[in-house]
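**Q** The structure's right below; bear with me while I get my questions together.
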Amino acid sequence: MRNDQEFHIAVMAGDGIGLEVMAPCLELLTAVCARAGGLALRFEAIESGATYYREHGTALSDENLARAAKADAILLGAMGLPDVRYPDGREIAPQIDIRMALDLFAGVRPVRSIPGLSGPLSDPRAQNLDFVLIRESTEGLFAAMGKTKIVDDKIAYDTMEITRAGSERLFDFAFDLTAKRKAAGSPGVLTCVDKANVFGGFAFFRKIFFERAAAFPEIEARAAYVDAMALTQIRNPWDLDVLVTENMFGDILSDAGAALIGGMGVAPSADIGASHAVFQPCHGTAPDIMGTGKANPTAMFLSAAMMLDWLGNRHGEAKAIEAGALLQDAVEAAFAGGDLRPFEMGGTNGLKDITARVSETIHLHSSSRT
């Protein structure tokens, strides 16, 4: 629990490059907090993931989950290894278990261009993207996880679940976030993404969306089918502001959004509930490059910046908001010159180079603010 002197951060580095990107991230967090008026963070390492499963028979023990739940926020690297699986063949993914256990219903996936890193689209407008996708993280098709029904080895059933209560809290969260973005200069448009023309569950989802929209008259509420939205994300993503959708659709669209800004290595995320939140990069553990120095820590750094901003707003702590902005600005400034480029984007810069440049930028920006 938090005291007046510090924030308690549960640190789950996980597996593969999760271990590699976490260590420098904690160093940068300490640096930006020191430069934002001396904000204190207390890190508590908590083991979990595929390696932990291989050694202990569980990916996340009840004890470790309880420890994480006591923290002010959870910072997660990446979890899972391709050769470590549950008996039914599923990958080890305790990050999903955490979402369910802590009721982290809102998956927030920003799609924000980084100056100096170009995405795959040639249109100049694609170099200045700034939209957010919010996916419901506890219901939808993911509610069937671990509950698949297989009949006579001939038919498999995974049941999608959409509830009024789950949808209402998701939409209220999305409208609130859209309003905050509008206050900062964004268009103030929230789009519900579904397949209401085919499935009754999505028609129900959309109906609830427009019911909740009545409570937010300052926000323009729209709806779009998921296939049309996939087209829009490629054709004119610069027109988007905030999208809200079901879990499986959000899982797919958020990866497409990451591709627009350069890939998973630069895509941060948050899973937020009423009382808890987890912050992690969108990428996986990439065991094929572990130990090579090629891991890109950018998404980890940006996820940490999101964590600081969330902590600051949740607890009314201006120093945390300032520290988050400092880390976000440092990452963007580090790439702005165009001479720093991650390996997966065709460059020659990895963990060491990117961390050093962001660290240097933090010190330069801090000096310029004083």
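FYI, it's all coordinate maths here, none of it is from the lab. Predicted model, so just to flag it, every value in this text is computed and none were measured.
**Q** Provide the percentage of antiparallel DSSP beta bridges, counting only those with both residues in the chain; round to the nearest 5.
**A** Around 45 percent of the beta bridges assigned by DSSP in the chain are antiparallel ones.
**Q** Would you mind calculating the gained length between Asp152 and Ala184 on full extension (0.36 nm times residue separation, minus the Cα-Cα distance), in nm to one decimal?
**A** Between Asp152 and Ala184, full extension yields an extra 5.9 nm.
**Q** Which residue fluctuates the most in the chain, going by a Gaussian network model with Cα springs under 10 Å, if the choices are Arg42, Arg99, Arg135?
**A** Arg42
**Q** Using only the Cα atoms of segment 224-370, build the gyration tensor, take square roots of its eigenvalues as a ≥ b ≥ c, and label the shape rounded, prolate or oblate: rounded if a/c is under 1.5, else prolate if a/b is larger than b/c, else oblate.
**A** In terms of gyration-tensor shape, oblate.
**Q** Among rounded, prolate and oblate, which fits segment 120-260 when a ≥ b ≥ c are the square roots of the eigenvalues of its C-alpha gyration tensor, a/c under 1.5 means rounded, and a/b larger than b/c means prolate?
**A** Note, shape of segment 120-260 comes out oblate.
**Q** Tell me which label goes with the value of Rg and Dmax of the Cα atoms in Å computed from the coordinates here: (i) 20.1, 70; (ii) 19.8, 64; (iii) 25.3, 78.
**A** (i)
**Q** Moving to a separate point now. Which one of Asn128, Asn247, Asn197 has the biggest mean-square fluctuation once the chain is modelled by GNM with Cα springs under 10 Å?
**A** Asn197
**Q** Separate question: GNM on the chain, C-alpha springs below 10 Å: top fluctuator among Ile46, Ile96, Ile155?
**A** Ile155
**Q** Among rounded, prolate and oblate, which fits segment 6-135 when a ≥ b ≥ c are the square roots of the eigenvalues of its C-alpha gyration tensor, a/c under 1.5 means rounded, and a/b larger than b/c means prolate?
**A** Because a/c hits 1.5 or more and a/b fails to exceed b/c, segment 6-135 counts as oblate.
**Q** Would you mind calculating the relative contact order of the chain from Cα pairs under 8 angstrom and at least 6 residues apart, reporting the percent as a whole number?
**A** Over the chain, the number comes to 21 percent.
**Q** Kindly write out, for segment 132-148 in residue order, the coupling ³J(HN,Hα) from the Karplus curve 6.51 cos²θ - 1.76 cosθ + 1.60 (θ = phi - 60°), rounded to whole Hz, with x marking Gly and Pro.
**A** 10, 10, 10, 10, 5, 10, 10, 10, x, 5, 5, 5, 8, 4, x, 10, 4
**Q** Could you work out the helix-only [θ] at 222 nm for the chain, with each DSSP H run of four or more residues adding -39,500 (n - 2.57) and the total divided by the number of residues, to the nearest 500 deg cm²/dmol?
**A** -13500 deg cm²/dmol
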